[in-house]
Structures are given as structure tokens and as C-alpha cells.
Amino acid sequence: MKRNHLHLIAVLTLIVCIALTGCRSHRDLQRNDDNGRQHDTTATKPHATTPRAPRLDSIANTSFATLTANFRCTVDGISVNGQLRMSNDSIIWISASKIVELGRALLTPSRAQAYTKLISKKYNLTYNDIRQRWGIDVDFATLQALLLGNCPPDCRKSREPQRSGDTVTMWMAQGGERQLTLKYNYVTRRLTAATLTSKATGQQVTLTYSNRQNFSGQFLPTTVSASIKSRQFNEQTTISLDRITLNQPQKYPFNM
């Protein structure tokens, strides 16, 4: 595995699964929504005559105090396993392994700490540091929400939603620097795709959600297809989540 890929694992182990595999554009991706209908995840504005749809506050969001899940993805053609632990609005903890642990990360609303064990590389960065170094323009609240197929809480409505069949598309500005394009199913009110675009860095991340399952009354996507375009990456992967538990006591072990 390449050294620069290990560095990125150390910074955001989760975004390794989003960033480090394949070379296919997100424009080629298609997935089925909750009703089995196919839709394109490309953030192309529908025709002006498309009827208006309800605003984003109608979307069903997952609520949780804590969350634990195992995940699988592929890094440079190599299957990587890991564990994800979250505490609502405060902690995202990730550990990735392939026979042995590759690295771990601890994210809070203000910082991202990470450690790559194989090359003993440590990071303690702000989200602005991450944007400057890798062109990944994301904050804690947005990352937490998109992981679960939720709407980020800091979104500011910028355009009217448009409906085409059962797919509703919305465009939202975040602080004037980013645009978030969301697609959700009109019947289920659940997100089916999200595209985050950064004007400053040219970075674009597209997530497509499928296989939602009921966990303690919350419907979580267990398959997330992801692609990223940035200064350094033009790649895609699929993240599979299993053994998900909600609202159970847990620890967040992290040693630099």
C-alpha cells in the first residue's frame, strides 16, 4: 500500500473508504432508491417545468445518542475492515485494519487526530488544515450527518426543491464556500444521494445510499457508494456497514 495512501488513512480512516479506490467518475454511478427505482446521482438541475416538492425539513433523519458499526471497503484493491463508533455531535472514532491495525482516527467538532501504526505517523489537525493539505472540504457536522444518510444541520436553503417522479433534488449553500446537492425519495422521505462540492478546492464527494435497514426503529443505510474528486484523488469505493448498534454505552480508545 502506498505511503501517501497510508497518510490519508491516518487523517480520516473513513474517508479512506471514500477516497482511495478505483478511478471511475461519480457520473457513471447509478443506484436503486428505497422503492427500487433507478436514479442518477449526478447533480444536474432538472428541467424548469419540474413541479416543486416539499422543502428539506420533510426528510426523515436518524436520531441517536451513540452508534457502533463494523465496516468493510477496498483500498487500492485490498479489502479493509474496521470499526466506526460515534457519539452524537461530539465524537467519531474509526479504526481500520488488514490482518493488523493500519490506523485509527478520533474526530471532534474542532479537530481530527489520527495515527498510522505501520509508519508511526501522527496527525493533530483542524478541518481547515485538512482542506489546505488534501483539498477535502468537510466539517464534523456535515461528515456525521452524511455518514448516516441525514441532512447536515447547518444547511441554508438556496434553491427550491424539484421533483422528478419519486426523486426530489435540492441545492443548498453552506457558508458560501460549498454547495450540497441532496436527492431524497418523495414517498419514504429518506436521502438516496448527496453531492458536496467545494468552490475553493474544486473537490466533489458523492455518496449514494442503499439497503436501509431498521435498527432500533431507525432506518440506516448499510451500503454507501462513494466517489471523490479532489486535487489528489479521482476515485470511488463502496462502504458496507454491519453489526450496527444504537444507544449503547461505549468507549473511544485512542492512543497517539
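The packing ranking, built from the mean of other Cβ atoms within 10 Å per residue, places the peptides 241-247, 144-150 in the order 144-150, 241-247, highest first. Within the range 125-149, list the residues whose amide N lies under 13 Å from a label point set 7 Å along Cα→Cβ of Ser110. Under cut-off, by backbone N: 125-127. Residue separation of Phe254 and Arg163 scaled by 0.36 nm, minus their Cα-Cα distance, works out to 28.3 nm of gained length.
Taking a label point 7 Å from the Cα of Ser63 along the Cα→Cβ vector, which residues of the range 119-144 have an amide N closer than 19 Å to it? What the label zone holds, given the 19 Å backbone N cut-off, is 144. Evaluated with a Cβ-only charge set (Lys, Arg +1; Asp, Glu -1), the range 67-152 carries a dipole of roughly 320 debye about its Cα centre, given to the nearest 20. Between Lys121 and Ser79, the distance separating the two model label sites (each 7 Å from Cα on the Cα→Cβ line) works out to 2.6 nm. Of the cross-linked pairs Lys122/Lys251; Lys183/Lys229; Lys98/Lys183; Lys117/Lys251; Lys121/Lys251; Lys98/Lys199, those separated by over 26 Å at the C-alpha level are Lys98/Lys183; Lys98/Lys199. A simple spin-label model places the labels of Thr223 and Asn70 1.9 nm from each other, with each point 7 Å out along Cα-to-Cβ.
Every read-out reported here was derived from the displayed coordinates using simple, explicitly stated rules and does not represent laboratory data. What you are looking at is a predicted structure, and each value in this text was computed from that prediction instead of being measured. Heads up, the Cβs are rebuilt from the backbone with ideal geometry, glycines too, and the neighbour counts pull from every protein chain shown.
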